Structure formats: C-alpha cells, structure tokens
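**Student:** I have a structure here, written as structure tokens, and I will follow up with some questions on it.
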Amino acid sequence: MNEDWAGLTIDAVIHERARLLILTYLASQAKDRVLFNELKENLELSAGNLSVQLRNLEAAGYIQIHKRIKGNKPETSVSLTAKGYEALNSYLDQMERIIRSVKKPGGGPGSEGESS
C-alpha cells in the first residue's frame, strides 16, 4: 500500500456535498451563528434538503441548531461546534493527503507501474 494512503479515513458524514458546503460555510464565517435562510440562499439548497443535512450534522455533534422566536416569528440559526471544527480540519487534512499523492511527480497516468 502506498504510504500516502496508510491510515486514511474519510468522514462519511462530512464527505457528502451539501454537508461539506454547510460546514465549510460555517467555518469561514466571522460570526458565531448563521441564520437558516442565509445558509439556504448562499448554498442554493432547498429548505427540505438543508433541514435534513443539518439534522445529520447535529446528530454527529458537528453543529448546534438554535431556535427562538423573534418578533412573533420563528428564527433558526446554526453554529459550528468545536467537535465539528476539528472533524472538518481532519477531513481537509485527509483530502490534502489525497491531493498531494495524485499531484506528486510520477503520480499520474503514464507513471511507473501502470498496466497497459
């Protein structure tokens, strides 16, 4: 086994496209909480899909969902937990390892060991 792949573990919760978008969006924000509608609009997700993905991330302990009433209207916001931030960084480290192994000299098509 290639040493670049030894011990490689991909977090299946994060690896799904919508959940990865949500976590990276939350991690890139200066504010602690992001409104549900902001996520929906900026990530171009339907309300239903966003709700499902947020529940999955919450079940994993990666986010916290906050609900309150503001001016007689419900308001939902989302925050990234410390566990979620650590998991996202671990995931990104794993992806960087994969990218480096593909981009290193001799790692692409036509390299040694390729069968014809």
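The values are calculated or read from the model by the stated rules, or taken from the named source; none is laboratory data. Note that the structure is a prediction, hence the values are computed from the model and not measured. With ideal geometry, Cβ positions are generated from the backbone for all residues, glycine too; neighbour counts draw on all protein chains shown.
**Student:** Could you figure out which of (1) within 23 Å of residue 90 (Cβ to Cβ); (2) in a helix (DSSP H, G or I); (3) free of Cβ contacts under 8 Å to residues at least 12 places away in the same chain isn't true of residue 38?
**Tutor:** Failed condition: (1).
**Student:** I'd like the full set of residues that are of a type in the set (Lys, Arg) and either within 20 Å of residue 86 (Cβ to Cβ) or not in a helix (DSSP H, G or I) (or both), limited to the stretch 3-35.
**Tutor:** 19, 31, 33, listed by residue number.
**Student:** Condition first: among the basic types (Lys, Arg) and either surrounded by fewer than 18 Cβ atoms within 10 Å (Cβ to Cβ) or at positive phi (or both). Now tell me which residues in the stretch 13-50 satisfy that.
**Tutor:** 17, 31, 33, 40
**Student:** Restricting attention to the stretch 82-92, does a residue exist that is more than 18 Å from residue 13 (Cα to Cα), part of a helix (DSSP H, G or I) and among the aromatic types (Phe, Trp, Tyr)?
**Tutor:** Among the residues of the stretch 82-92, not one is more than 18 Å from residue 13 (Cα to Cα), part of a helix (DSSP H, G or I) and among the aromatic types (Phe, Trp, Tyr), which makes the answer no.
**Student:** Report yes if residue 63 is of a type in the set (Val, Ile, Thr) and over 12 Å from the mean Cα position of the chain (by Cα), otherwise no.
**Tutor:** When the stated conditions are applied, residue 63 does not pass them.
**Student:** Also, I was wondering about something else. Restricting to the stretch 56-72, what's the tally of residues that are surrounded by 12 or more Cβ atoms within 10 Å (Cβ to Cβ) and either modelled with pLDDT under 95 or assigned to a helix (DSSP H, G or I) (or both)?
**Tutor:** 3
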